[in-house]
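**Q** My structure is below; once you've seen it, I'll send some questions.
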Amino acid sequence: MAKVILYGAPAPGLIEVPAAAVQTSPLILGSSDLAGLSDGGADAATVLAPPGTLERDYVIAQTLRAVKPGGALTVLAPKDKGGSRLRKALEAFGCTVSEDARRHHRFCHAARPKAPVGLEAAIAAGGPRIVEGLDLWSQPGVFSWDRVDPGSARLLELIPNLAGRGADLGCGIGVLAGPILASKAVTGLVCMDLDRRAVACAQHNLNDPRATVLWADARSPDPALEGLDFVVMNPPFHDGGAEDKALGVAFIRRASEMLRRGGVCWIVANRHLPYEMTLKAAFAEVAVKADAGGYKIFEARK
Ligand SMILES: C[S@@+](CC[C@H](N)C(=O)[O-])C[C@H]1O[C@@H](n2cnc3c(N)ncnc32)[C@H](O)[C@@H]1O
């Protein structure tokens, strides 16, 4: 049977993909890592290209590496999220491209050239590395990959030394978890993120026996995570590129379920996001600890 690579989840009906295609998006739990696929081992690929240039070129280069010469490659993206730049991106790798458009997407079709150019450079530029200045492992495409998010920085200024067992929901590369583990009174910290790349980086960055880093959906119930003393989070507010407050609401409810009575949740959120009602419904006490620079920081006690 032909081996087909799929990257991402195109909307139903947008493009036909064999049911047995190997999913490689790092945002889909259980997917395979593109970087782990053998050279030329796949017959064809369909890529829903991510919007960032370094991330997109990394994904296309890894896909070209993994598809055999002559194998069919289709790369698509919404027109206003990088679709109109796809053709140039593929041509830069030596592909001869035909293009069509439908349902606000551009579709670029190419056969994998015998000798594509620039794969190594794109793979190096978009791959995991220690980022200078941040001094942490990171990778283009993960949240705020080359700088500390200002909301997370502000949260770190306000969080007191925590104690006991806790969780970091949507931990990213471990920007919050690292400083939290500086408190010797923290006995365990479960960090989870939906992005496999972030999880791999966090595993490098939090080299601490008290930390457990999980590739997981923080919204899913986990009986092992109950009776915690604290939860910290800078919850996601985008789903597939569109702002979605439901994600943050789900994170807040899960945090409350995970905590013991009296346990505390520290949360930073863009100030326009309407989380106050959810916090008040899920926690006994809610205090706004800061409201400046576009961010609100809450301390919520169960
Ligand atoms: C705003 S970022 C915060 C990252 C990190 N805590 C920081 O402060 O830099 C939110 C994180 O949540 C992750 N995320 C999104 N949806 C998720 C889900 N359903 N379960 C777990 N993590 C998720 C994203 O991949 C992202 O790393």
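The values are calculated or read from the model by the stated rules, or taken from the named source; none is laboratory data. These numbers come from a predicted model, not from an experiment. Counting neighbours? That spans all protein chains shown, and the Cβs are built from the backbone with ideal geometry, glycine included.
**Q** Specify the residue that is modelled with the lowest pLDDT; the eligible residues are those in region 286-302 that are under 17 Å from PHE251 (Cα atoms) and of a type in the set (D, E, K, R).
**A** Step one: filter region 286-302 for residues under 17 Å from PHE251 (Cα atoms), giving 286, 296-302.
From what is left, the residues that are of a type in the set (D, E, K, R) are 296, 299, 301-302.
Values: LYS296: 94, GLU299: 98, ARG301: 98, LYS302: 98.
Once the filter is applied, the top-ranked residue is LYS296.
**Q** Taking THR74 as the residue in question, decide whether it is in a strand (DSSP E or B) and assigned by TED's automatic domain parsing to the domain that holds ALA11. If you could, list the steps in order and put the result at the bottom.
**A** Working: in a strand (DSSP E or B): yes; assigned by TED's automatic domain parsing to the domain that holds ALA11: yes.
Answer is yes for this residue.
**Q** Something else: With the requirement that a residue be surrounded by fewer than 20 Cβ atoms within 10 Å (Cβ to Cβ) and either in a strand (DSSP E or B) or within 14 Å of the ligand (Cβ to nearest atom) (or both), what does region 219-228 give you? I'd like the intermediate steps shown before the answer.
**A** Step one: of region 219-228, the residues surrounded by fewer than 20 Cβ atoms within 10 Å (Cβ to Cβ) are 219-224, 226-227.
Listed by number, the residues that qualify are ARG219, SER220, PRO221, ASP222.
**Q** Do the conditions hold for PHE93, that is, is it at pLDDT 95 or above, crowded, with 16+ Cβ neighbours inside 10 Å and assigned by TED's automatic domain parsing to the domain that holds LEU48? Full working, then the answer.
**A** On the way: at pLDDT 95 or above: yes; crowded, with 16+ Cβ neighbours inside 10 Å: yes; assigned by TED's automatic domain parsing to the domain that holds LEU48: yes.
The answer is yes for PHE93.
**Q** Looking at (1) surrounded by 15 or more Cβ atoms within 10 Å (Cβ to Cβ); (2) within 15 Å of the ligand (Cβ to nearest atom); (3) free of Cβ contacts under 8 Å to residues at least 40 places away in the same chain, which one does HIS272 not meet, given that it meets all the others?
**A** (1)
**Q** For residues that are among the small types (Gly, Ala, Ser) and part of a helix (DSSP H, G or I), scanning just region 115-164, find the one that is farthest from VAL288 (Cα to Cα). Steps first, answer last, please.
**A** Of region 115-164, the ones among the small types (Gly, Ala, Ser) are 115, 118, 121-122, 124-127, 133, 138, 141, 144, 151-153, 163-164.
This time we only want the ones that are part of a helix (DSSP H, G or I), so: 121-122, 124-126, 151-153.
Working: ALA121: 46, ALA122: 44, ALA124: 43, ALA125: 40, GLY126: 38, GLY151: 14, SER152: 15, ALA153: 16 Å.
Taking the candidates together, the pick is ALA121.
**Q** If you don't mind, there's one more thing I want to ask. Do we find that VAL17 is outside any strand (DSSP E or B) and either buried (at least 23 other Cβ atoms within 10 Å of the Cβ) or more than 19 Å from the chain's Cα centre (by Cα) (or both) in this structure? If you could, list the steps in order and put the result at the bottom.
**A** Working: outside any strand (DSSP E or B): yes; either buried (at least 23 other Cβ atoms within 10 Å of the Cβ) or more than 19 Å from the chain's Cα centre (by Cα) (or both): yes.
Against the criterion (outside any strand (DSSP E or B) and either buried (at least 23 other Cβ atoms within 10 Å of the Cβ) or more than 19 Å from the chain's Cα centre (by Cα) (or both)), VAL17 qualifies.
**Q** Look at region 178-200 and say how many of its residues are of a type outside the set (Ser, Thr, Tyr), more than 8 Å from the ligand (Cβ to nearest atom) and not in a loop (DSSP other than H, G, I, E, B). Before the answer, list the steps.
**A** We begin by selecting, within region 178-200, every residue of a type outside the set (Ser, Thr, Tyr); these are 178-182, 184-186, 188-200.
From what is left, the residues that are more than 8 Å from the ligand (Cβ to nearest atom) are 178-182, 184-186, 188-191, 196-197, 199-200.
Still in the list and also not in a loop (DSSP other than H, G, I, E, B): 178-180, 186, 188-191, 196-197, 199-200.
Within region 178-200, residues that are of a type outside the set (Ser, Thr, Tyr), more than 8 Å from the ligand (Cβ to nearest atom) and not in a loop (DSSP other than H, G, I, E, B) number 12.
**Q** Say whether the condition of being at pLDDT below 95, part of a strand (DSSP E or B) and either in contact with an Asp or Glu (Cβ under 6 Å, 6 or more places away or on another chain) or in the same structural domain as ALA290 (by TED's automatic domain parsing) (or both) is met by at least one residue in region 247-258.
**A** No, the conditions are met nowhere in region 247-258.
**Q** Sticking with this structure for a sec: Take ASN161 and decide whether it is buried (at least 21 other Cβ atoms within 10 Å of the Cβ), on the phi < 0 side of the Ramachandran plot and more than 10 Å from the ligand (Cβ to nearest atom).
**A** On the way: buried (at least 21 other Cβ atoms within 10 Å of the Cβ): no; on the phi < 0 side of the Ramachandran plot: yes; more than 10 Å from the ligand (Cβ to nearest atom): yes.
For ASN161, the condition - buried (at least 21 other Cβ atoms within 10 Å of the Cβ), on the phi < 0 side of the Ramachandran plot and more than 10 Å from the ligand (Cβ to nearest atom) - is not met.
**Q** Is there any pair with a first residue in region 170-182 that is within 10 Å of LEU155 (Cβ to Cβ) and a second that is near the ligand (Cβ under 10 Å from one of its atoms) and of a type in the set (Ser, Thr, Tyr) whose Cβ atoms are under 7 Å apart and which are 6 or more apart or on different chains, and what are they?
**A** Listed by first residue and then by second, the contacts come to VAL175/SER152; LEU176/SER152.
**Q** Still on this structure: Out of the residues in region 165-177 meeting the condition of being in a strand (DSSP E or B) and more than 7 Å from the ligand (Cβ to nearest atom), tell me which one is farthest from GLY293 (Cα to Cα). Outline the logic, then answer.
**A** Taking region 165-177 as the starting set, the residues that turn out to be in a strand (DSSP E or B) are 165-169.
Next, from what is left, pick out any that are more than 7 Å from the ligand (Cβ to nearest atom): 165-167.
On the way: ARG165: 31, GLY166: 27, ALA167: 26 Å.
Taking the candidates together, the pick is ARG165.
Okay, residues lined up against (1) within 16 Å of the ligand (Cβ to nearest atom); (2) within 28 Å of LEU34 (Cα to Cα); (3) touching a residue at least 60 places away in the same chain (Cβ under 8 Å):
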site: ALA124; (1), (2), (3): no, yes, no
site: LEU136; (1), (2), (3): yes, yes, yes
site: PRO140; (1), (2), (3): yes, yes, yes
site: ARG147; (1), (2), (3): yes, yes, no
site: ARG154; (1), (2), (3): yes, no, yes
